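The values are calculated or read from the model by the stated rules, or taken from the named source; none is laboratory data. Keep in mind it's a predicted model, so treat the numbers as computed, not measured. Here the Cβ is made from the backbone with ideal geometry for all residues, glycine too, and neighbour counts use every protein chain on show.
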C-alpha cells in the first residue's frame, strides 16, 4: 500500500471559515459548470492534483452540478489520488436535487437527510467538511431546516453547515433559531462577489459580518470570465460564453447594451492598471481584490485547463500589493461602491469609533 502524498501549502495563505476553527485556503477549487460536464476523466484528476500541489486543499461541489456527476468526478479523483482525508476540505450543497419529484429537492428534513446520504455516496466519502443549503427554501419552516442540518452534523456526515445566496434576514433568522434551541448555526455564506456584483456581499451582509463573524466562500469572482479581459473585443471561440451560450444568454444580451459596453470599458481600464502598475493580469487583479476583503474566507476558482488554474493563482502575489492608493484607483474606475446606511441628515460618527460601521 503506497504512502499518501503529503500536503504542502506552499505559499497559500489560510483563513478561518467564518467564526469556526476550520482553516481554508484563500483560493479553493470548485466544480460548477466544469467537472462532470466540460471536464471529465483524466483532466479532472490533472487539475485537482495540480491544485493540491499548489496549496489548494479545499474542493467545492454540489448535488446539482452536472446532475451529480461533478460529485462523482471529484470523489473518484480523491480516491484515486489517495489523499489523506484529514488533509483536504470537501464541501457540497443541497437544494435542487438530481431528479424530479416532490421531495427530491428543497430543504425539507427529508431531502436534507436523504440528499446528504446520496451526495456522500457519489463522493465515496464518509463525511463532508461543510454542507451548504444551496438556496433558502421559503416553503419549509426555518426551525426544520436548522434542526435537519444539526442532525446531519450529529450523525457525523458533516462537520459544519452553511448557506448560499440567502438574504441577510434569512441568515439572521437561522441564527436566532439556532441560539434559541441551543443548536449549531451556519458558519459561512457562499455568495457571488466580484467588481460588478457588490450590493449583497458588501452592503446587505454588513450587519451579518459584524454580528456573527460569518465568512464568505465566493463564487464568480471573475464575473463568469468578464473580468479576465478576454471578452474585451468579442466572444472568443471556445470561451465559457461561447460554449455555454444558452446558460449565459442573459449575460450575452447585456453585453450588447450600453450598460454592458460600459462594463467592457471598465475592464479595459482595469486591464491597463493591472499591467502598468502591478505587472499582473486583470484576472489576478480581480481575484486578489475579492480576496482582499476581510470577510472573504475563500475564493472558489473554476478551471477547465491546468494552465488556467496556475494563471489564477498569481493572484496570491497581488493581494499584498493592493494598497489603499491602488484600491482608490480601482474604485474610481468602477464607480459602484455600495453606499452606507441612510442616516437621514445626521452627522457621521467618528470613523475610528468601535461602532461607527453599524
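Residue by residue through the stretch 180-192, note down the ones that are surrounded by fewer than 24 Cβ atoms within 10 Å (Cβ to Cβ) and under 30 Å from residue 268 (Cα atoms).
191, 192
Among the residues of the stretch 111-160, how many are without any contact (Cβ under 8 Å) to a residue 60 or more places away in the chain and assigned to a strand (DSSP E or B)?
Looking only at that region, the number is 4.
Quick one: how many residues across the stretch 44-69 are touching a residue at least 40 places away in the same chain (Cβ under 8 Å), out of contact with any helix residue (DSSP H, G or I) (no Cβ under 8 Å at 6 or more places or on another chain), surrounded by fewer than 24 Cβ atoms within 10 Å (Cβ to Cβ) and not in a loop (DSSP other than H, G, I, E, B)?
1
Determine whether the stretch 316-334 contains at least one residue that is under 17 Å from the mean Cα position of the chain (by Cα), part of a helix (DSSP H, G or I) and in contact (Cβ under 8 Å) with a residue 60 or more places away in the chain.
Of all residues in the stretch 316-334, those under 17 Å from the mean Cα position of the chain (by Cα) come to 316.
Filter once more, so that each one left must be part of a helix (DSSP H, G or I): 316.
Keeping just the survivors that are in contact (Cβ under 8 Å) with a residue 60 or more places away in the chain gives 316.
Looking for residues that are under 17 Å from the mean Cα position of the chain (by Cα), part of a helix (DSSP H, G or I) and in contact (Cβ under 8 Å) with a residue 60 or more places away in the chain, one finds at least one in the stretch 316-334, hence yes.
Across the stretch 278-291, which residue is nearest to residue 313 (Cα to Cα) among those that are touching a residue at least 24 places away in the same chain (Cβ under 8 Å) and surrounded by fewer than 19 Cβ atoms within 10 Å (Cβ to Cβ)?
Restricting attention to the stretch 278-291, the residues satisfying the condition of being touching a residue at least 24 places away in the same chain (Cβ under 8 Å) are 278, 280-291.
Among the residues that remain, those that are also surrounded by fewer than 19 Cβ atoms within 10 Å (Cβ to Cβ) are: 278, 280.
Working: 278: 15, 280: 11 Å.
Among residues in the stretch 278-291 that are touching a residue at least 24 places away in the same chain (Cβ under 8 Å) and surrounded by fewer than 19 Cβ atoms within 10 Å (Cβ to Cβ), the one nearest to residue 313 (Cα to Cα) is 280.
Would you be able to say whether some residue in the stretch 21-35 is in a loop (DSSP other than H, G, I, E, B), at pLDDT below 95 and buried (at least 21 other Cβ atoms within 10 Å of the Cβ)?
First, the residues of the stretch 21-35 that are in a loop (DSSP other than H, G, I, E, B): 21-22, 26, 31-34.
Filter again for at pLDDT below 95, leaving 31-34.
Going one step further and asking which of them are buried (at least 21 other Cβ atoms within 10 Å of the Cβ), we end up with 31, 34.
Yes, the stretch 21-35 contains a residue that is in a loop (DSSP other than H, G, I, E, B), at pLDDT below 95 and buried (at least 21 other Cβ atoms within 10 Å of the Cβ).
Search the stretch 93-107 for residues that are free of Cβ contacts under 8 Å to residues at least 12 places away in the same chain and pair each with any residue that is surrounded by fewer than 16 Cβ atoms within 10 Å (Cβ to Cβ) and not in a loop (DSSP other than H, G, I, E, B) when their beta-carbon atoms are under 6 Å apart and the residues are at least 6 apart or on different chains.
Every condition considered, the pairs that remain are 103/110.
Based on what the data block shows, is residue 150 surrounded by fewer than 15 Cβ atoms within 10 Å (Cβ to Cβ) and over 17 Å from residue 74 (Cβ atoms)? Steps first, please.
On the way: surrounded by fewer than 15 Cβ atoms within 10 Å (Cβ to Cβ): no; over 17 Å from residue 74 (Cβ atoms): yes.
Taking the combined requirement at face value, the residue does not satisfy it.
Which one of these does residue 337 not meet: (1) without any contact (Cβ under 8 Å) to a residue 60 or more places away in the chain; (2) closer than 23 Å to residue 211 by Cβ; (3) under 26 Å from the mean Cα position of the chain (by Cα)?
Every condition holds for residue 337 apart from (1).
Just for the stretch 207-235: of the residues that are at pLDDT 90 or above and assigned to a loop (DSSP other than H, G, I, E, B), which one is surrounded by the most Cβ atoms within 10 Å (Cβ to Cβ)? I'd like the intermediate steps shown before the answer.
Pass one, the stretch 207-235, residues at pLDDT 90 or above: 207-223, 226-228.
Okay, now just the ones that are also assigned to a loop (DSSP other than H, G, I, E, B), so 213-214, 220-222.
Working: 213: 13, 214: 25, 220: 21, 221: 27, 222: 23.
It comes out as 221.
Would you point out the residue of the stretch 101-110, among those that are part of a loop (DSSP other than H, G, I, E, B) and under 26 Å from the mean Cα position of the chain (by Cα), that is surrounded by the most Cβ atoms within 10 Å (Cβ to Cβ)?
Our first condition is that a residue be part of a loop (DSSP other than H, G, I, E, B); within the stretch 101-110, this holds for 101-108.
With under 26 Å from the mean Cα position of the chain (by Cα) added as a condition, the list becomes 104-108.
Details: 104: 16, 105: 21, 106: 21, 107: 25, 108: 19.
Of everything passing the filter in the stretch 101-110, 107 is surrounded by the most Cβ atoms within 10 Å (Cβ to Cβ).
Filter the stretch 266-277 for residues that are touching a residue at least 40 places away in the same chain (Cβ under 8 Å) and more than 25 Å from the chain's Cα centre (by Cα); which is surrounded by the fewest Cβ atoms within 10 Å (Cβ to Cβ)?
In this case the residue turns out to be 277.
Kindly establish whether residue 299 is assigned to a helix (DSSP H, G or I) and closer than 14 Å to residue 219 by Cα. So that I can check it myself, show each step before the final result.
Working: assigned to a helix (DSSP H, G or I): no; closer than 14 Å to residue 219 by Cα: yes.
Here the answer is no, as residue 299 does not meet what is asked.
Could you tell me whether any residue of the stretch 186-200 is part of a helix (DSSP H, G or I) and closer than 27 Å to residue 331 by Cβ?
Restricting attention to the stretch 186-200, the residues satisfying the condition of being part of a helix (DSSP H, G or I) are 199-200.
Subsequent filtering for residues that are closer than 27 Å to residue 331 by Cβ retains 199-200.
Looking for residues that are part of a helix (DSSP H, G or I) and closer than 27 Å to residue 331 by Cβ, one finds at least one in the stretch 186-200, hence yes.
Condition (residue is surrounded by fewer than 18 Cβ atoms within 10 Å (Cβ to Cβ), in contact with a strand residue (DSSP E or B) (Cβ under 7 Å, 6 or more places away or on another chain) and farther than 27 Å from residue 197 by Cβ) applied to the stretch 125-143: is it met by at least one residue?
yes
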